[in-house]
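The values are calculated or read from the model by the stated rules, or taken from the named source; none is laboratory data. This is a predicted model, so every value here is computed, not measured. Please note: Cβ atoms are built from the backbone with ideal geometry, for glycine as well, and neighbour counts cover all protein chains shown. Note: areas computed on protein heavy atoms with side chains; ligands, DNA, RNA excluded. Shrake-Rupley method; radii C 1.70, N 1.55, O 1.52, S 1.80 Å.
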Amino acid sequence: IYVVGIGVAIKMTIDYVGFKGRNIELEKANLETELAFLKSQIQPHFFFNTLNNLYSLTLDKSNKAPYTVLKLSELMSYVIYDAKQKRVPLMKEIKHIQNYLDLEMLRFGERFDVDFQLSGQIEGKSIPPVLLLPFIENSFKHGTSSIGSDQPIVISLRVENDRLIFTTENNKSANPVGDNGLQTYNHGVGLENTKRRLKLVFGNDYTLDLIEGEEK
């Protein structure tokens, strides 16, 4: 009986370890599947917003069309190819953000101001791709209601002790309207997507504060 009991215990232990291992692999596969799904949502959402911006530029029959198309090409290339990676160099993400800002400033010109601040040790750092842009898109969606005022969109990205601190500040309108007079679309994909990605990738090792007030 003692020998049989030892044998059964060993067998149960082996089965439990195998079962736990399979569960871990399944959880990992589910995590990667959900992350892939969230990334796949980024592409049509981003292209939809970018094409809306391009439409606004074409209404003005701007002679900056070749430059605009080049910027759009770089943006699309990043989203299609780099967004497939788990991580990209932080400098690449910053260049992607700058391309987006350049395209938006082509759209609004001198009527609007953006203050983009960078600081800290940026070289050699990596980040999940297209993680920050939804916050900037949101700032433009709401912040452009302040065209004609002296308050710009303020974007700050700094690295301190191997942690990234990223903030955006903008005015907010209850009914954001594009500069072509059309009501802007709000499907809520970008921010909700980003919140879920942050949770999946970083667990509890991050903070996200969305502050609304008279001066934000």
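Figures for the structure shown
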{"item": "Selected residue (criterion: modelled with the highest pLDDT) from residues of the range 125-164 that are open to solvent by less than 50 Å² (accessible area, probe 1.4 Å), within 20 Å of Tyr206 (Cβ to Cβ) and out of contact with any helix residue (DSSP H, G or I) (no Cβ under 9 Å at 6 or more places or on another chain)", "result": "Ser156"}
{"item": "Residue match in the range 187-201 (condition: under 26 Å from Leu54 (Cα atoms), open to solvent by 60 Å² or more (accessible area, probe 1.4 Å), assigned to a loop (DSSP other than H, G, I, E, B) and modelled with pLDDT under 80)", "result": "yes"}
{"item": "Ile122, sole failed condition from (1) under 19 Å from Leu208 (Cβ atoms); (2) surrounded by fewer than 19 Cβ atoms within 10 Å (Cβ to Cβ); (3) of a type in the set (A, V, I, L, M)", "result": "(1)"}
{"item": "Complete set of residues in the range 74-118 that are surrounded by fewer than 19 Cβ atoms within 10 Å (Cβ to Cβ), more than 24 Å from Ile165 (Cβ to Cβ), in contact (Cβ under 8 Å) with a residue 24 or more places away in the chain and of a type outside the set (A, V, I, L, M)", "result": "Glu74, Lys84, Phe108, Arg111"}
{"item": "Scope the range 55-69; condition without any contact (Cβ under 8 Å) to a residue 40 or more places away in the chain, assigned to a helix (DSSP H, G or I) and surrounded by 13 or more Cβ atoms within 10 Å (Cβ to Cβ); matching residues", "result": "Ala65, Tyr67, Thr68"}
